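First the structure, in the form of structure tokens, and then the observations on it.
Each value in this text was obtained by applying a stated rule to the coordinates, not by laboratory testing. Remember, it's a predicted structure, so these values are computed and weren't measured experimentally. No Cβ is skipped: glycine too gets one built from the backbone with ideal geometry, and neighbour counts run over all protein chains shown.
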Amino acid sequence: MNQKQREALVDLLLLGMFADGSLKVSDDQKLLSVIDEIGWESYQTPDLYFQSAIAKARDAADTEAGTLARLKKINDGLANDEIRHQAIERLERFLNLDGEPGVEESKFLELARTSLHREQVA
């Protein structure tokens with residue numbers, strides 16, 4: 001996984017954090033543990049990256065159209081089907097870390113699955 005793909009995965013997980021409308025302090029720790037697993041090779045620390053990525057996720061999560069547009073950008077950043085599949089698996093695990101995902105999280109997971117597995121149009 002290259003850095004662009006890592007950032008797209010973090011963007012996907014951040015969007016998932018906003019899916020149920022309630023952010024918890026523990027969500028940050030869950031996200032940092034994912035970054036520990038996948039690595040981070042950027043001039044920006046994850047914390048600095050989060051500052052702009054959280055704002056984008058928050059804005060996108062306000063509407064379904066915004067969410068779909070953000071998912072398209074994330075899809076482009078993931079670049080290939082293998083990485084997309086890994087991203088969906090990580091999203092599912094991430095959303096399940098604090099128990100069964102709620103209704104809104106489940107809806108987001110299905111939307112992400114559909115959006116990230118669409119055929120790429122050149």
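Considering lysine pairs in the chain that are 8 or more places apart or on different chains, how many have Cα atoms under 23 Å apart?
14
Only helical DSSP H runs with n ≥ 4 go in: add -39500 (n - 2.57) per run for the chain, normalise by residue count and round the 222 nm mean residue ellipticity to 500 deg cm²/dmol. Could the numbers behind the result be given before it?
Values: 6 runs with 90 residues, N = 122.
Result for the chain: -24000 deg cm²/dmol, rounded to the nearest 500.
What is the order of MET1, MET17, fewest Cβ neighbours within 10 Å to most? Mind dumping the intermediate values first?
Details: MET1 16, MET17 24.
Taking fewest neighbouring Cβ atoms as first place, the list is MET1, MET17.
Within region 33-121, report the chymotrypsin sites (Phe, Trp or Tyr not before Pro) that DSSP leaves as loop and that have at most 16 other Cβ atoms within 10 Å.
On the way: sites: TRP40, TYR43, TYR49, PHE50, PHE94, PHE108; in loops: TRP40, TYR43.
Answer in residue order: TRP40, TYR43.
About its Cα centre, what dipole magnitude does the chain give when the only charges are +1 on Lys and Arg Cβ and -1 on Asp and Glu Cβ, stated in debye to the nearest 20?
300 debye
Under 10 Å, Cα contacts only: if you run a Gaussian network model on the chain, which one of ILE38, ILE54, ILE74 comes out with the highest mean-square fluctuation?
ILE38
For the chain, state the average projected area of the convex hull of the C-alpha atoms over all orientations, rounded to one decimal in nm². Display every interim value, and only then the final one.
Values: hull surface 28.3 nm².
Averaged projected area of the chain's Cα convex hull equals 7.1 nm².
Remind me, relative contact order of the chain in percent, using alpha carbon pairs under 8 angstrom and six or more residues apart?
39 percent
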